[in-house]
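A.B. asks: Following this message is one structure expressed as structure tokens.
The values are calculated or read from the model by the stated rules, or taken from the named source; none is laboratory data. None of these values were measured; they are calculated from a predicted model. With ideal geometry, Cβ positions are generated from the backbone for all residues, glycine too; neighbour counts draw on all protein chains shown.
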Amino acid sequence: MTVTIVGAQLGDEGKGGVVDIYGEDVDVVARYQGGDNAGHTVVFGEDEYKLSLVPSGAIRGKVGVLGNGCVVNPETLFSEIDALRERGLDPRVKVAERAHVILPYHRVLDGIEEKAKEDSELDAGTTGRGIGPTYEDKIGRRGIRIGDLLDPDSLRSKLEYVVPQKRALAEDVFGVSASGGSSGGSSDGVSTDEAFDISSLYEQYRRYGERLAEEEMTVNAGAYLTERIEADENVMFEGAQGTSIDIDHGIFPYVTSSNPTAGYAATGTGVGPTTVGRGEVVGIVKAYLSRVGTGPLPTELVDDDEEELADEIREKGGEFGTVTGRPRRIGWLDMPMLRHAAQVNGFTGLAINHIDVLAGLGDLQVGHAYELDGEEIETMPTTTERWGECEPVLRGFDGWSEPDWADVASEGYDAIPENARTYLEYISDELDTPIYAVGVGPGREQTVVVESPF
Ligand code: IMP
């Protein structure tokens, strides 16, 4: 069967930990969108693993597949695989031949465009990993796919077509020199010299192709996964980012350039939607909100008297970007956002994380609805501009004090403080979806599993 894991909010809901906790029952973990903009932190015993591209199931020795809907930076992929090998793990990763490749010019252009937007309201606060520019090239039918890295002639002819366009874009549109020095804004300082040089790109990416072939890492993802599902194996689709930063269903334009929502688990892997739909879709919810990028956030804790509380939650929850290290913005749980997520994704279960972070903070609030033009609404308006005009209608909850979370994790759901259970059950009732798991700390053993979706 299949289980699809989807972020219900703005990313960083703790999906990696949930994928990992259910991982015991999984044979294959497949990612269906995004690239190395994702950050998963998986804590296993004393060890912490930070991954951005390799599916988190790899820590458990499962097969990890990067589906055709992903954008793959081979440099990140190999450096993560090498780092895991150095730590004694043997990650088995397969990459769809139909997945698109992030090239250095994508990262440079991502930085250039973000810099150009920095003083406007359009700045999305991207991770600088070249995600948007790579998806643009995919949709523009000028992208380079993993399959092209295995075919040097195809790689060269595609680079010869596309690189001059990218150079012209950098120079003529953005006025940034595409030769010499480092880029005008790429967060990782990719040299523009190399980023726009056809020969050096060809040599470097052809070598990546050779390594992919040598390690037998490339695959027809749809055929591979379908075969595994037909052989009665368990496949988990691991969504990256979250519903509210989905390119179609999120707070455009402050979104990522792919579809984290459950429907894309089919398109982004090549497994039929009926197969995905026969499985479970688990929404991962953080018990409050955090946001790494820009844009409105109706329940954000920003008033002078709320800053201290936001700082406390940020510190306690480790709310700093896994990929960028940026401090995350903090807000109360936003129920209209979750109702929207439940509708778009069709959740069959919920995993609610970080309830430990809210312990000891006193009474809590939740954005139960919004007020917009004098009316109360229970879900998100379709435009981000209107969303920015929403005032939260807050509902108060009694807080809970800090128990020994390790005991709670081992004793189970009933050991969760009563007020926290009231809070959890409110979320479950509002979304009409059962709770499958509750995260009470960052470690693998700090999750209360109520029910396994497998
Ligand atoms: P991009 O995905 O790097 O293009 O960034 C677009 C938007 O998505 C920005 O607001 C990022 O902060 C946000 N974003 C991308 N990946 C993640 C993630 O894994 N967690 C949270 N936000 C993300």
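A.B. asks: Within segment 306-407, considering only helices (runs of 4 or more DSSP H) that don't extend past its boundaries, which have at least 3 residues that are of a type outside the set (Val, Ile, Thr) and away from the ligand (no atom under 16 Å from the Cβ)?
C.D. replies: Working: elements: 307-317, 335-345, 384-388.
In segment 306-407, the matching helices (runs of 4 or more DSSP H) lie at 307-317, 335-345.
A.B. asks: Same structure, new question: Looking at this structure, is Thr134 at pLDDT below 95 and crowded, with 23+ Cβ neighbours inside 10 Å?
C.D. replies: Details: at pLDDT below 95: no; crowded, with 23+ Cβ neighbours inside 10 Å: yes.
For Thr134, the condition - at pLDDT below 95 and crowded, with 23+ Cβ neighbours inside 10 Å - is not met.
A.B. asks: Of Leu150, Leu122, which residue is under 23 Å from Gln33 (Cβ atoms), surrounded by fewer than 16 Cβ atoms within 10 Å (Cβ to Cβ) and either outside the structural domain of Arg85 (by TED's automatic domain parsing) or of a type in the set (Lys, Arg) (or both)? Spell out how you get there, then give the answer.
C.D. replies: Details: Leu150 fails: surrounded by fewer than 16 Cβ atoms within 10 Å (Cβ to Cβ).
Just one listed residue meets the conditions, Leu122.
A.B. asks: State yes or no: is Val54 more than 13 Å from the ligand (Cβ to nearest atom) and modelled with pLDDT of 95 or more?
C.D. replies: So Val54 does not fit the description; no.
A.B. asks: Of the residues that sit in segment 122-140 and are in contact with a helix residue (DSSP H, G or I) (Cβ under 7 Å, 6 or more places away or on another chain), more than 6 Å from the ligand (Cβ to nearest atom) and assigned to a loop (DSSP other than H, G, I, E, B), which one is farthest from Leu109 (Cα to Cα)?
C.D. replies: Asp123
A.B. asks: Do you know which residues across segment 278-312 are free of Cβ contacts under 8 Å to residues at least 60 places away in the same chain and more than 21 Å from the chain's Cα centre (by Cα)? Please lay out each step first, then the result.
C.D. replies: Taking segment 278-312 and keeping what is free of Cβ contacts under 8 Å to residues at least 60 places away in the same chain, we get 297, 300-312.
Within segment 278-312, Leu301, Val302, Asp303, Asp304, Asp305, Glu306, Glu307, Glu308, Leu309, Ala310, Asp311, Glu312 qualify.
A.B. asks: If you don't mind, another one. Consider segment 207-238. How many of its residues are in contact with a helix residue (DSSP H, G or I) (Cβ under 7 Å, 6 or more places away or on another chain) and either surrounded by 16 or more Cβ atoms within 10 Å (Cβ to Cβ) or polar (S, T, N, Q) (or both)? Steps first, answer last, please.
C.D. replies: Filtering segment 207-238 down to residues in contact with a helix residue (DSSP H, G or I) (Cβ under 7 Å, 6 or more places away or on another chain) leaves 208-209, 211-212, 218, 229, 234-238.
Among the residues that remain, those that are also either surrounded by 16 or more Cβ atoms within 10 Å (Cβ to Cβ) or polar (S, T, N, Q) (or both) are: 208-209, 212, 218, 229, 234-238.
Result for segment 207-238: 10.
A.B. asks: Out of (1) crowded, with 16+ Cβ neighbours inside 10 Å; (2) farther than 22 Å from Ile5 by Cβ; (3) free of Cβ contacts under 8 Å to residues at least 60 places away in the same chain; (4) under 28 Å from the mean Cα position of the chain (by Cα), what's the single condition that is false for Cys390?
C.D. replies: With (1) crowded, with 16+ Cβ neighbours inside 10 Å; (2) farther than 22 Å from Ile5 by Cβ; (3) free of Cβ contacts under 8 Å to residues at least 60 places away in the same chain; (4) under 28 Å from the mean Cα position of the chain (by Cα) applied to Cys390, the lone miss is (3).
A.B. asks: Also, I was wondering about something else. Run down Gly64, Gly14, Gly39 and say which single residue is away from the ligand (no atom under 16 Å from the Cβ) and either under 13 Å from Glu238 (Cβ atoms) or not assigned by TED's automatic domain parsing to the domain that holds Thr127 (or both). Please lay out each step first, then the result.
C.D. replies: On the way: Gly14 fails: away from the ligand (no atom under 16 Å from the Cβ); Gly39 fails: away from the ligand (no atom under 16 Å from the Cβ).
One residue alone meets the criteria, Gly64.
A.B. asks: If you don't mind, another one. Which ones in segment 141-163 are more than 16 Å from the ligand (Cβ to nearest atom) and outside any helix (DSSP H, G or I)? If you could, list the steps in order and put the result at the bottom.
C.D. replies: So the first thing to find is which residues in segment 141-163 are more than 16 Å from the ligand (Cβ to nearest atom), and the list is 141-142, 144-163.
Answer for segment 141-163, where residues must be more than 16 Å from the ligand (Cβ to nearest atom) and outside any helix (DSSP H, G or I): Arg141, Arg142, Ile144, Arg145, Leu150, Asp151.
A.B. asks: Of the residues that make up segment 315-328, is at least one over 20 Å from the mean Cα position of the chain (by Cα) and assigned by TED's automatic domain parsing to the domain that holds Glu13? Step through it out loud before you land on a result.
C.D. replies: So the first thing to find is which residues in segment 315-328 are over 20 Å from the mean Cα position of the chain (by Cα), and the list is 315-316.
From what's left, assigned by TED's automatic domain parsing to the domain that holds Glu13: 315-316.
Taking every residue of segment 315-328 in turn, at least one turns out to be over 20 Å from the mean Cα position of the chain (by Cα) and assigned by TED's automatic domain parsing to the domain that holds Glu13.
A.B. asks: Val438 - would you say it is under 19 Å from Ile21 (Cα atoms), in the same structural domain as Ala265 (by TED's automatic domain parsing) and either part of a helix (DSSP H, G or I) or at pLDDT below 95 (or both)?
C.D. replies: Numbers: under 19 Å from Ile21 (Cα atoms): yes; in the same structural domain as Ala265 (by TED's automatic domain parsing): yes; either part of a helix (DSSP H, G or I) or at pLDDT below 95 (or both): no.
No.
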